[in-house]
1. Please determine, by comparing only the residues of the range 325-372 that are hydroxyl-bearing (Ser, Thr, Tyr) and within 19 Å of Val278 (Cβ to Cβ), which one is nearest to the chain's Cα centre (by Cα).
2. Only one of Phe146, Phe135, Phe87 is in contact with a strand residue (DSSP E or B) (Cβ under 8 Å, 6 or more places away or on another chain), among the aromatic types (Phe, Trp, Tyr) and either surrounded by fewer than 24 Cβ atoms within 10 Å (Cβ to Cβ) or not assigned by TED's automatic domain parsing to the domain that holds Ala228 (or both); which?
3. Residues Ala348, Ala435, Ala411: which one is in a helix (DSSP H, G or I), touching a Leu at 6+ places or on another chain (Cβ under 9 Å), of a type in the set (Gly, Ala, Ser) and surrounded by 14 or more Cβ atoms within 10 Å (Cβ to Cβ)?
4. Cβ contacts < 7 Å: first residue more than 22 Å from Ile462 (Cβ to Cβ), restricted to the range 408-421; second residue among the acidic types (Asp, Glu) and surrounded by fewer than 15 Cβ atoms within 10 Å (Cβ to Cβ), any location; separation 6+ or different chain. Result?
5. Which residues, counting only those in the range 17-36, are more than 33 Å from the chain's Cα centre (by Cα) and buried (at least 18 other Cβ atoms within 10 Å of the Cβ)?
6. Could you grab me the full set of residues in the range 140-174 that are in contact with a Ser or Thr (Cβ under 6 Å, 6 or more places away or on another chain) and either closer than 20 Å to Ala246 by Cα or aliphatic (A, V, I, L, M) (or both)?
7. Sort through Ser584, Ser604, Ser598 and tell me the only one that's closer than 21 Å to Ile624 by Cα, among the hydroxyl-bearing types (Ser, Thr, Tyr) and at pLDDT below 90.
8. Can you pull out the residues in the range 306-345 that are of a type in the set (Val, Ile, Thr) and either over 23 Å from Gly288 (Cβ atoms) or not in a helix (DSSP H, G or I) (or both)?
Amino acid sequence: MTILGQIALGLGLLLATWGAVVGTIGGIRGRPELIDSARRAVFALFAVIGVAALSLLVALLTRDFNVEYVWSYTSRQLPTVYTISAFWAGQAGSLLFWTLILTGFAAAAMWLTSSRYERLMPYVGAVTCAVALFFIAAMLFSANPFDRLPFTPADGNGLNPQLQNPGMAIHPPMLYLGYVSITIPFAFAVAALMSRQMDAGWVHAIRKWTLLSWVFLSVGITLGMWWAYVELGWGGYWAWDPVENASFLPWLTMTAFLHSVMIQEKRGMLKKWNIVLVMLSFLLSIFGTFITRSGVISSVHSFTQSNLGYFFLVFLVVACVFLAWLLWSRLPGLESEGHLESMVSREASFLFNNLLLVGMAFVILWGTLFPIISELIQGVQVTVGPPFFNRVTTPIGLGLLALTGIGPLIAWRKASTSNLRRQFTVPVGVALVVATILIVLQFREFYAGVAWILAAFVTVAILQEFWRGVGARHRLHGESYALALARLFGRNRRRYGGYVVHLGIVAYFVGFTGMAFRTDLQVALAPGETATLASPFGYEYTFTHMGISRFKALNRYVTAATVDVRRDGKRVAVIRSEKRQHFSCRVAVSPCPQGSESASFQPSTEAGIHSDYREDIYVVFAGIAEDTEEAIYRFTLNPLVWWVWFGGGVLLVGGVIVMWPGGGPSRRAPRRTIAGYAAKLVDEREKVTA
């Protein structure tokens, strides 16, 4: 099967080259036969990459340890779910997985895009083939997943213990889907420039593709936060790690695009800016891949150092030069059709939103690259830590939270005084009430307090919009409130789904404030001994060490410590935390016979977590005190973490609502309205005649 996979990659290289060349020539010269050939090349490319991916998956599941990639990332004791996830756990496999997703999205775009955008499609095919060509070449010449060993080992090295987590089976695919699908909006943007079709057509063509990419990236980032929280044992979920930052950067620029593109659709403005945002999002996705694979910056999420980073660096430089030339040559066709009429308008709020999002992206990019820059200049790598990112991004984030409530309420073009009074009286009033309560309580965490005040403002502003819409339908159509709400979503999914997304963002911010109140305690306890820890919410927790157990699981030895947890004297949970030693087997037998485990053990820690909407109880068993039977624990109370995961779920629901087919104004509705109006005029005329 690996020979078949190698052949498939070779064919993919030829097909990607052919599709990129004939798609470009066919689009420039208007040759139907070349355009059709490029379209077929995209479908054929997806098929051959699918064969290559299937070949690697079969090699993984059959434990073909003669394949270097299989030997490096699996073992006979590795559960099947993690054997499958090993597909994207390593350098070469993840490149193949990336290429599979890319060609799949490219084929879907060619198949599903309406014929009214046919002028763009040869260039779309050419761009996606060119990007796929780069990834296939990187595999063939630098990180081939089908390379073989000179001998066949009895067992493999196994998967990194930190990756043996259910999140590993979901988080990377979601993140890759988000990263890779950015290529489709990028391809349409380049196609619009190359074909000189720079009206709003390309924007309409990519609307749902961009939303799909943004939702996948949002879910992938949130799942990555969850994985870091439950698996790494440090008690947090975001450490401003370079790879975390690299995934966040395109999310910021895509969020900016999703807002600014509404100005282009509504007013014909920001054409250049929107093109740049799409290009920047794509380049940042490639930059994130470069950071992950080059090894230039150390990260718990990155792959080992390799020369693959040079491939990505060259690709980035070439892409930047080409895109700069293309954009410069097409500038005259990107002039705005309208202009900003007032600073008190929805356009202005979206512009401020864009400035803050792009400003945050720049700050994070600078902080991420600073170690590389400092090493080039001074010869010493100076790391920028979380304090810098928190200090700079927190005010920007609060500004974005405020605009989340302001933007949807303010009118287009120019807001009148009556509009501002009608829309903002209640939300601002509620925010002032919350601020007054915090002042009376002598609340000392300034940024957390501002976040709660703004969260109240945004939540009430959004709920007010729902209430008005539901009330209007209830009065006009006599619908029940539940039916009115359902039809409100059905008639304008883009608007009200966007409101749901904003509620998810509010929940994120509420969850983020909890880290300002985090408390922890490290203590050694003998069986039966207790420790206490006060909660920011006024509770007192008591932790009682119940004992230590040792046992062998499928591919690991486990030492588990158990604690009884009580809140104000009432039992809340019994929590177990584990220290694990993962091993492989020396002989080709499964399960591994006693005494035949490999001498190389890989340690990992499994935190015990009890979660509710108020706070998480986070227990880490750090080990056993020397020459005693005391267990060393770290107890942490993390307030409001539940709201982070809740916000991710709400955001996903809102994104699905926005992307769901239909939901826009019906094309037949105006005809029925006009017909009804005409019939009414005829009736009135007949009455007058009579």
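The values are calculated or read from the model by the stated rules, or taken from the named source; none is laboratory data. No experiment lies behind these values; they were computed from the predicted model shown. All Cβ positions, even for glycine, are placed from backbone atoms using ideal geometry, and neighbour counts span all protein chains on display.
1. So the first thing to find is which residues in the range 325-372 are hydroxyl-bearing (Ser, Thr, Tyr), and the list is 329, 336, 342, 345, 349, 368.
From the residues that got through so far, the ones that are within 19 Å of Val278 (Cβ to Cβ) too are 329, 336.
Values: Ser329: 33, Ser336: 31 Å.
Of everything passing the filter in the range 325-372, Ser336 is nearest to the chain's Cα centre (by Cα).
2. Phe146
3. On the way: Ala435 fails: touching a Leu at 6+ places or on another chain (Cβ under 9 Å); Ala411 fails: in a helix (DSSP H, G or I).
Result of the check over Ala348, Ala435, Ala411: Ala348.
4. As it stands, the answer is Arg413/Glu341; Lys414/Glu341, since those pairs meet every condition given.
5. Val22, Gly26, Gly27, Leu34, Ile35
6. Met168, Ala169
7. Unique residue meeting the criteria: Ser604.
8. Start the filter on the range 306-345 by keeping residues that are of a type in the set (Val, Ile, Thr), which leaves 314, 317-318, 321, 344.
Scanning the range 306-345 gives a single hit, Val344.
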